[in-house]
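Quick notes on the structure that follows.
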Ligand code: PBG
């Protein structure tokens with residue numbers, strides 16, 4: 001037998017780059033930044049090696065470090081000084097994220113994205129207003145329509161501070177329209193909106209919940225985040241958000257949901273974002289620490305796979321390290 005078709009001809013060092021279908025560059029990446037109002041020094045995040053919660057005074061320095069290797073965009077998460085049942089520090093003019101955005105927008109060239117959610121700001125840790133008796137009755141859930149108003153206020157307060165883009169992640173039905181209308185009414189028609197359109201109820205968020213202190217005090221998020229079993233529903237979620245005015249559609253988590261990234265790529269002309277979440281980062285670090293995997297190689301391959309599946313941009317805790325090596 002003599003093979004007539006020889007794909008190996010195109011795998012030499014000389015030709016591989018010419019026939020490469022996908023590439024990764026620093027400008028595809030968005031780096032998460034945690035700003036913490038409860039500390040005046042940087043605090044390492046144990047479950048996410050290399051990441052820290054930084055006080056507002058250090059936010060500009062932290063962002064400059066990220067921009068140095070060529071990353072151009074950051075997404076901000078806040079740890080507030082206090083929490084209450086309505087998450088009021090999420091939409092306070094002097095909230096931790098608002099103060100950080102003001103400084104970063106004024107003093108750096110970063111493209112600034114604000115994560116719009118309430119779970120880091122509510123004392124019960126859910127992504128919106130909850131029923132009084134929800135703690136004792138697990139069938140009760142976040143009150144959808146009452147939450148919309150608070151999310152809209154949060155987005156507008158971030159736009160006031162100078163955010164270039166807002167990214168609602170609460171999985172509240174109607175959140176894209178509510179936020180888009182509030183931004184437009186406030187004169188922020190140029191502020192872009194990236195929807196966490198397809199956000200699964202995932203165990204891969206574990207390390208983030210430690211980092212941002214955003215774990216629910218009781219119950220879980222399955223009444224508002226998507227069931228990992230569902231693929232068609234992802235298209236439905238994305239279609240709703242596209243119709244409501246999302247500029248970018250996100251899938252989260254990334255690697256376990258490559259089929260969904262590919263589906264959205266196929267179905268929509270919008271830019272698609274993938275969120276390579278905290279658990280995806282932590283597991284590679286943990287395995288590398290044991291000497292079981294090469295961290296740099298597996299990180300690169302993970303992000304390349306997200307692009308190959310159809311993502312235009314990737315939110316990832318590897319952003320800074322990866323950009324450094326690209
Ligand atoms: C807030 C939010 C979460 C993440 C991003 N925004 C936590 C959650 O939904 O539980 C997770 C990000 C990560 O794991 O890296 N709603």
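The values are calculated or read from the model by the stated rules, or taken from the named source; none is laboratory data. Computed from a predicted structure; not experimentally measured. Here Cβ is always computed from backbone atoms with ideal geometry, including for glycine, and neighbour counts include all displayed protein chains.
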| Enumeration of residues in the stretch 282-306 that are under 26 Å from residue 167 (Cβ atoms) and touching a helix residue (DSSP H, G or I) at 6+ places or on another chain (Cβ under 7 Å) | 282, 284, 285, 299, 300, 302, 303, 305, 306
| field | Answer residue from the stretch 315-326, given it is surrounded by fewer than 20 Cβ atoms within 10 Å (Cβ to Cβ) and part of a helix (DSSP H, G or I) and is nearest to the ligand (Cβ to nearest atom) among those | value | 321
| Odd one out for residue 269 among (1) out of contact with any helix residue (DSSP H, G or I) (no Cβ under 7 Å at 6 or more places or on another chain); (2) surrounded by 15 or more Cβ atoms within 10 Å (Cβ to Cβ) | (2)
| field | Residue ID - nearest to the ligand (Cβ to nearest atom), chosen from residues in the stretch 190-200 that are out of contact with any helix residue (DSSP H, G or I) (no Cβ under 7 Å at 6 or more places or on another chain) and farther than 20 Å from residue 143 by Cα | value | 194
| Per-region count, the stretch 52-77, residues more than 18 Å from the chain's Cα centre (by Cα) and assigned to a loop (DSSP other than H, G, I, E, B) | 4
| query | Considering only residues of the stretch 206-217 that are surrounded by fewer than 22 Cβ atoms within 10 Å (Cβ to Cβ) and assigned to a helix (DSSP H, G or I), which is farthest from the ligand (Cβ to nearest atom)? | reply | 210
| field | Considering residues of the stretch 241-256 that are in contact with a helix residue (DSSP H, G or I) (Cβ under 8 Å, 6 or more places away or on another chain) and either at pLDDT below 95 or crowded, with 18+ Cβ neighbours inside 10 Å (or both) only, the residue farthest from residue 189 (Cα to Cα) | value | 255
| Pick from 182, 163, 203, 178: which is surrounded by 17 or more Cβ atoms within 10 Å (Cβ to Cβ) and within 16 Å of the ligand (Cβ to nearest atom)? | 163
| message | Could you check the stretch 95-120 and list, in sequence order, the residues that are near the ligand (Cβ under 10 Å from one of its atoms) and part of a loop (DSSP other than H, G, I, E, B)? | response | 117, 118, 119, 120
| note | Going through the stretch 305-314 in order, the residues found to be part of a strand (DSSP E or B) and farther than 15 Å from residue 256 by Cβ are 313
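One line per residue, one yes/no per condition, for (1) more than 17 Å from residue 195 (Cβ to Cβ); (2) surrounded by fewer than 23 Cβ atoms within 10 Å (Cβ to Cβ); (3) touching a helix residue (DSSP H, G or I) at 6+ places or on another chain (Cβ under 8 Å):
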| position | (1), (2), (3) |
| --- | --- |
| 64 | yes, yes, no |
| 80 | yes, yes, yes |
| 99 | yes, yes, yes |
| 106 | yes, yes, no |
| 113 | no, no, no |
| 121 | yes, no, yes |
| 128 | no, no, yes |
| 132 | yes, yes, no |
| 149 | yes, yes, yes |
